[in-house]
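The structure appears below as structure tokens.
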Amino acid sequence: MSSPQPPRKDPVDAIIEQWATVRPDLDTGAMEVFGRISRLARAMGDRLEKAYAALGIGRGEFDVLATLRRSGEPYTLSPRQLSATLMLTTGGMTGRLDKLERAALLRRSPDPHDRRGLQVTLTEKGLDLVDQAVGAGLAAQTEALTAALDTERAGQLTDLLRELLLTTETSSS
């Protein structure tokens, strides 16, 4: 029976080793976790950008289209609802909506329940595109996950990250 292989080293290990050299008094356990989460988010963000770019949109445009899609039929929300969900300023949202409307992926129309308001609705073209984009994004995520973890370990990671996220978001409010 062969002896277990030591874990492979990643860029965070190098950072931790540097801190251990110059500040051996520091407990860098949290840095190891959050440093990896940050690097992982950046790497997956880049992969998602490529998947969406192949369809002619960026992550910001995907977020708007996906928010409308997740709202269910008739795939309509107000600009204010979109801004709140995506945590964007109204100016930032207007720019995204302008771009998506020019591409015929959504349309803006008067809100029948509020004379001063607008509603934003996915077009058929937008619905088709966001369905392709979510599939491409999920494929990239699944590929990365299954290359590293089996189903059981992926489930354990999901549970651990959920617990960490809930505790972190609750304690920061």
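The values are calculated or read from the model by the stated rules, or taken from the named source; none is laboratory data. Quantities reported herein were computed from a predicted structural model and do not represent experimental measurements. Glycine gets a Cβ as well: all are built from the backbone with ideal geometry, and neighbour counts include every protein chain shown. When the accessible area is computed, the model is the full protein with side chains, heavy atoms only, and any ligands, DNA or RNA have been set aside. Shrake-Rupley method; radii C 1.70, N 1.55, O 1.52, S 1.80 Å.
Listing for the model above:
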{"item": "Pair list, Cβ under 6 Å, 6 or more apart: the stretch 152-173 residue closer than 16 Å to ILE37 by Cβ and open to solvent by less than 80 Å² (accessible area, probe 1.4 Å), other residue assigned to a helix (DSSP H, G or I) and of a type in the set (A, V, I, L, M, F, W, C)", "result": "ALA154/LEU145"}
{"item": "Residue list for the stretch 52-89, filter: among the aromatic types (Phe, Trp, Tyr), closer than 15 Å to ARG107 by Cα and in a helix (DSSP H, G or I)", "result": "none"}
{"item": "Residue tally, condition among the hydrophobic types (A, V, I, L, M, F, W, C) and open to solvent by 20 Å² or more (accessible area, probe 1.4 Å), over the stretch 114-136", "result": "5"}
{"item": "Single unsatisfied condition, PRO74 versus (1) under 24 Å from ILE37 (Cα atoms); (2) in contact with a strand residue (DSSP E or B) (Cβ under 8 Å, 6 or more places away or on another chain); (3) surrounded by fewer than 11 Cβ atoms within 10 Å (Cβ to Cβ); (4) of a type outside the set (Gly, Ala, Ser)", "result": "(1)"}
{"item": "Complete set of residues in the stretch 27-51 that are open to solvent by 50 Å² or more (accessible area, probe 1.4 Å) and in contact with a Lys or Arg (Cβ under 8 Å, 6 or more places away or on another chain)", "result": "GLU49"}
{"item": "Condition broken by GLY60, with the remaining ones in (1) at pLDDT below 95; (2) loosely packed, with under 15 Cβ neighbours inside 10 Å; (3) among the small types (Gly, Ala, Ser) satisfied", "result": "(2)"}
{"item": "Single match in ALA20, ALA54 (criterion: under 25 Å from ALA140 (Cα atoms) and either aliphatic (A, V, I, L, M) or surrounded by fewer than 11 Cβ atoms within 10 Å (Cβ to Cβ) (or both))", "result": "ALA54"}
{"item": "Some residue of the stretch 127-134 being within 22 Å of LEU48 (Cα to Cα), in contact with a strand residue (DSSP E or B) (Cβ under 9 Å, 6 or more places away or on another chain) and among the β-branched types (Val, Ile, Thr)", "result": "yes"}
{"item": "Qualifying positions in the stretch 3-51 - assigned to a helix (DSSP H, G or I) and of a type in the set (Gly, Ala, Ser)", "result": "ALA14, ALA20, GLY29, ALA30, GLY35, SER38, ALA41, ALA43, GLY45, ALA51"}
{"item": "Positions within the stretch 104-135 being acidic (Asp, Glu) and in a strand (DSSP E or B), in sequence order", "result": "ASP111, ASP114"}
{"item": "In the stretch 136-155, residue nearest to ARG69 (Cα to Cα) [restricted to those that are out of contact with any helix residue (DSSP H, G or I) (no Cβ under 9 Å at 6 or more places or on another chain) and of a type in the set (Gly, Ala, Ser)]", "result": "GLY155"}
